[in-house]
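Notes follow once the structure below has been shown.
The values are calculated or read from the model by the stated rules, or taken from the named source; none is laboratory data. Note that the coordinates shown come from a computational prediction; the quantities given were computed from them, not determined experimentally. We place every Cβ from the backbone using ideal geometry, glycine too, and count neighbours over all the protein chains shown.
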Amino acid sequence: MAGSRPLKSSPLLLTSLLFLIGILTLAMLGPWLSPFSPYEIDLTQTNLPPGLAHPFGTDALGRDLFVRAWGGARISLFVGFAAALIDLGLGLMLGGLAGYIGGKWDTAFMRSVEVLYGIPYIMVVLLLAVILGPGVFSLIVGMTLTGWIPMARLVRGEVFRAKEEDFVLAATAMGQGPFRILLWHILPNVMSPVLVALTLTIPQAVFLEAFLAFIGLGVPLPRASLGTLITEGARESWYYPWQLFIPATILCSTLLAFNTLGDTLRDMLDPKRGEPAPRPLVRGSVNIPEIPPEKTLGAPLLTLEQACVRFLTPRGELPAIREVSLTLQPGEMLALVGESGSGKSTLGRSIVGLLPKKGSLVSGKCLFMGQELRLPRLGPLDQLGKPKLAMVFQNPLGSLNPTMQAGKQVAEALVSARMLSWAAAKDEALHLFKEVGIQNQRRCFFAYPHELSGGMRQRVVFAVMLALSPSLLIADEPTTALDVATQARILALLTKLKTTRGLGVLFITHNLALAKGWADRVSVLYAGEIVEEGPSRRLFQDPRHPYTKGLLDSIPKLDADNPDNALFALPGSPPDPYTLHKGCAFAPRCPVARPYCKDEPAPWVTLEDGHRARCFAVKEALLL
Amino acid sequence: MRPARSKVSLQSRGSLWRLFGRVIVMLATLWVVATFTFLGMRLIPGDPFSDPKVTPQVRENLYRKYGLDKPLYKQYVRYLGNLSRLDFGVSYVQLGRSVNDIIAQGFPVSAELGLWALLLALFWGTLLGTLAGLHHEGRIDRYATFLAALGVSVPSFILALFFQHVFAFRLGLFPVAGWEGGIARFLPALTLSILPAATIARLLRASILDVLRQDYIQTARIKGLAHTRLLVHHILRNAALSVLTYLGPMVVNITTGSFVIETIFNVPGLGKHYVQSIYDRDYTLVMGTTVFYAALLIVAMFLVDIAYGLLDPRIRAFGAKER
């Protein structure tokens, strides 16, 4: 199945493959398809245009160009395939050995390869063609003399990686011999990048052969490669354009097909392929409405009503967020907790408008300070002179531009959002650095992100976001990459901003302890749905939904000697989002599930203080 | 003003060592090329003076003149000595003609052509790559991607013939060949720029797509930056780094491309002389020029590598990428 799927999913791959098979067949059979010989000179039939007898016409000596063209293609392709296969053989052998043996031998190998690699490939081929005299043999020798090096480096790198894989380590531990391991365990795993390299080496060699033919170092006469034919045709191209046009077209389309095949294969085997396509940068802006100050009084900062996000994927529609409703007050921190894959980050990104444009379907209502934000959104957010949304991402290194000094990234936001001059922005940036607790502000200002520690980077990110003077901050796992002490400091900072600036914080986390310790309210997300929400203290003391209970029970407790506190693991695993049924998504894992839980949507049960849970069991317990 | 950093002295010492290592590797590469060429010259069938018309006495004098009567190792030392003084040898066929003469004559022309091609390639490549990357999977992307694929698949000599035919013969917009006047430079430079431009476009497109996935672009979006600022400072500046790795191979592509382009457009540059000496089978001239080209490219790639280290703040100079 894995073999046939890529062919179906990529028409480009299929087309180029079929085209190449066609060219190869013609190159093999071409000479038999015509009664003429490629070397037979007939001076009565010179320079004929393409016609019935001679489909490609004849040349200045009356030789049939049809057989000559396909014979030429055969020579060109032979050179290409031979060079590529020899490169492959040498590369696999030497690179594989160097990678497998490692140590001193590998170092020596890499040093010598580094020296050879510096020699321009094309000059080696040229020198060889001059020394040995032009010919198929010297071409192939020249091309493979240093041509195997990139392949060997590739294989060596892959072998090094594969050697660390568990299954290879296991095979070694089980006492399998090195050659067996290399052949059976490592080789199959290095094949895909090698295959791509191979597909791209063939056109390179074909190209080089034509190039050499053109500067007079091609296959010697009377044999003719495509390069030779093009060179000959070029001389007469003014009078007999087809003599140039036909071999040139064959050569170019073959090269194009090989390159397309290589590119498509590379994209296909690229591990990044599964990632969502990046958001295209299209002009257009989000309307964050101007809100008169009186309207904001007392109103919630953010309200989501029946928000749904679905992604269109090759497997079908993936419901990531299902009818989520929530509210967030100014100066409040709402924690959104759930396992990975529960849709927490998607929800955060959809509010700020950063979902991939292609393939995301968003519905529902999103009110920011009482005004509706349209979802999904386009382009850079137009936040000038308006209440602001800000978002902090999980990976502090990834969220800073690696090629811009940290301070400049803050100053830039100030210039753009508050219309400050650059000089004023710099002072203000240093100020913000102080506010987020950076000690040496000037040093940090001029440092590039990679020169800062993880905690510092995240502080810089906060400074960038504060530069926007936001009303709402969405913090997507802002402390996950940090150590515990830094975590606490960052959260203390958030709490401070909450009170001093009246900032509303949507704190997305999978860490229940953090949510318990810092959030005012908590919403528990399971499979894209909120299953329980309430004030932090209440919810953690008296969890009602079986999922929340399970989550809390799976936190290790310090007094584990007490048999009541034995560690508990939720049975089963999160559901496959493609096959959700109508009812409660947690039902299959639920210890108290009723038979009808699967089929009927569970009701919301309201408890005290805005504590709510969505569960039949909770409802029935309440009725008892 | 950049504040002093305590780590600086340690870092720069490390990079000096790396630089030293790189120089050693480069010298070793040059030595391999020189040795290879020297041995190759002995392998060439016949001997430049084996022409029967040359009398034994004259032949002996010629041998003495060129040092061919000495033992092989002395010839080798002499050859390396000459190379290190940047003397790339003489033609044994046309007496009095040396590689250095030809270089002095043709290299400035080739360098000018190469520079124009480089500028054009950067312009076209950046434009096409950026358009394609920003309109991922849109119509513009498909056209640009196809053009770029064509650009790397059509050999430069076919393009040259095509452009010459269409723009010079048929339309008469440009001179068919030659190097007189600014307008004559356009077609050769354009042809020479196509392959590097297409490669830049492909690299830049892939790199932009990669950059657009990064969180720092989302951060920049949230900042509400102006389009141009987002594009130039956040997207292009980061995407361009991966294109820099192509600068070395680009120099090679432009140089080797110049061989055929100069021949087709009759540009009096080094490349044309080089191809001519190949046609003439003037072996010593060919070998000398080849060594010159190889040395030029090796040094250029070395310089590009160093420049790359300096341009990417994440890479501590000369190769080591910080994790």
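Residues considered: B:Ala144, B:Ala121. Of these, the only one that is within 14 Å of chain A (Cβ to nearest Cβ) and buried (at least 19 other Cβ atoms within 10 Å of the Cβ) is B:Ala144. When segment A:19-48 is filtered for residues that are hydrophobic (A, V, I, L, M, F, W, C), buried (at least 18 other Cβ atoms within 10 Å of the Cβ) and not in a helix (DSSP H, G or I), the ones remaining, listed by number, are A:Phe36, A:Leu48. State whether one or more residues within segment B:197-209 are of a type in the set (S, T, N, Q) and under 25 Å from B:Leu296 (Cβ atoms). There is at least one residue in segment B:197-209 that is of a type in the set (S, T, N, Q) and under 25 Å from B:Leu296 (Cβ atoms).
A:Ile186 meets the conditions (1) within 41 Å of the chain's Cα centre (by Cα); (2) under 26 Å from B:Ala148 (Cβ atoms); (3) surrounded by 15 or more Cβ atoms within 10 Å (Cβ to Cβ) in every case but one. The failed one is (2). What is the residue count in segment A:167-196 for residues that are of a type in the set (Gly, Ala, Ser) and in contact (Cβ under 8 Å) with a residue 60 or more places away in the chain? So the count comes out to 1.
The single residue among A:Ala463, A:Ala475, A:Ala429 that is more than 29 Å from A:Val337 (Cβ to Cβ), touching a residue at least 12 places away in the same chain (Cβ under 8 Å) and touching a Phe, Trp or Tyr at 6+ places or on another chain (Cβ under 7 Å) turns out to be A:Ala429. Under 9 Å by Cβ, and 6 or more places apart or on different chains, what pairs join a residue from segment B:220-233 that is farther than 17 Å from A:Leu420 by Cα with one that is among the basic types (Lys, Arg) and at pLDDT below 85? What qualifies is B:Arg221/A:Arg279; B:Ile222/A:Lys388; B:His227/A:Arg283; B:Leu230/B:Arg221; B:Leu230/B:Lys223. What do you reckon, is A:Gly118 small (Gly, Ala, Ser) and free of Cβ contacts under 8 Å to residues at least 12 places away in the same chain? Yes; evaluated as a whole, the condition is true for this residue. Being modelled with pLDDT under 85, assigned by TED's automatic domain parsing to the domain that holds A:Gly135 and within 42 Å of the chain's Cα centre (by Cα) holds for only one residue in A:Gly99, A:Gly30, A:Gly80, A:Gly91, and it is A:Gly99. Restricted to segment A:68-82, and to residues there that are among the hydrophobic types (A, V, I, L, M, F, W, C) and touching an Asp or Glu at 6+ places or on another chain (Cβ under 9 Å), the residue that is nearest to A:Pro247 (Cα to Cα) is A:Ile75.
Is at least one residue of segment A:139-156 polar (S, T, N, Q), under 22 Å from A:Gly96 (Cα atoms), touching a residue at least 40 places away in the same chain (Cβ under 8 Å) and assigned by TED's automatic domain parsing to the domain that holds A:Ile86? Yes, segment A:139-156 contains a residue that is polar (S, T, N, Q), under 22 Å from A:Gly96 (Cα atoms), touching a residue at least 40 places away in the same chain (Cβ under 8 Å) and assigned by TED's automatic domain parsing to the domain that holds A:Ile86.
Scanning segment A:209-229 for residues that are surrounded by fewer than 24 Cβ atoms within 10 Å (Cβ to Cβ), part of a loop (DSSP other than H, G, I, E, B) and within 10 Å of another protein chain (Cβ to nearest Cβ) yields A:Ile215, A:Gly216.
Counting the residues of segment A:408-437 that are under 23 Å from A:Thr495 (Cα atoms) and buried (at least 22 other Cβ atoms within 10 Å of the Cβ) gives 7.
Can you find even one residue in segment B:41-55 that is modelled with pLDDT of 80 or more and surrounded by fewer than 14 Cβ atoms within 10 Å (Cβ to Cβ)? No, segment B:41-55 has no match at all. Counting residues in segment A:513-529 that are assigned by TED's automatic domain parsing to the domain that holds A:Leu347, out of contact with any Ser or Thr (no Cβ under 9 Å at 6 or more places or on another chain), farther than 30 Å from A:Leu580 by Cα and surrounded by fewer than 17 Cβ atoms within 10 Å (Cβ to Cβ) gives zero. The residue pairs whose first member lies in segment B:273-284 and is over 17 Å from A:Phe211 (Cβ atoms), whose second member is small (Gly, Ala, Ser), and whose beta carbons are closer than 6 Å, counting only pairs six or more residues apart or on different chains, are B:His273/B:Gly106; B:Asp282/B:Ser91; B:Thr284/B:Gly89; B:Thr284/B:Ser91. Criterion applied to B:Val286, B:Val267, B:Val299 was being on the phi < 0 side of the Ramachandran plot and at the interface with chain A (Cβ under 9 Å from one of its Cβ atoms), and the one residue passing it is B:Val286.
Restricting attention to segment A:119-150, the residues that are in a loop (DSSP other than H, G, I, E, B) and more than 10 Å from chain B (Cβ to nearest Cβ) add up to 1. Within segment B:129-161, which residues are β-branched (Val, Ile, Thr) and more than 25 Å from the chain's Cα centre (by Cα)? Listed by number, the list holds a single entry, B:Ile140.
For segment A:434-449, a residue qualifies if it is closer than 30 Å to A:Glu339 by Cα and in contact with a Pro (Cβ under 8 Å, 6 or more places away or on another chain), and exactly one does: A:Pro449.
Looking at the structure I just gave you, is A:Thr486 touching a residue at least 60 places away in the same chain (Cβ under 8 Å), under 25 Å from A:Gly455 (Cβ atoms) and surrounded by fewer than 19 Cβ atoms within 10 Å (Cβ to Cβ)? No: the conditions fail for A:Thr486. Cβ-Cβ contacts under 9 Å between residues 6 or more apart (or on different chains), taken from a first residue in segment A:334-363 that is within 14 Å of chain B (Cβ to nearest Cβ) to a second residue that is among the polar types (S, T, N, Q) and assigned to a loop (DSSP other than H, G, I, E, B), are listed as A:Ser345/A:Gln394.
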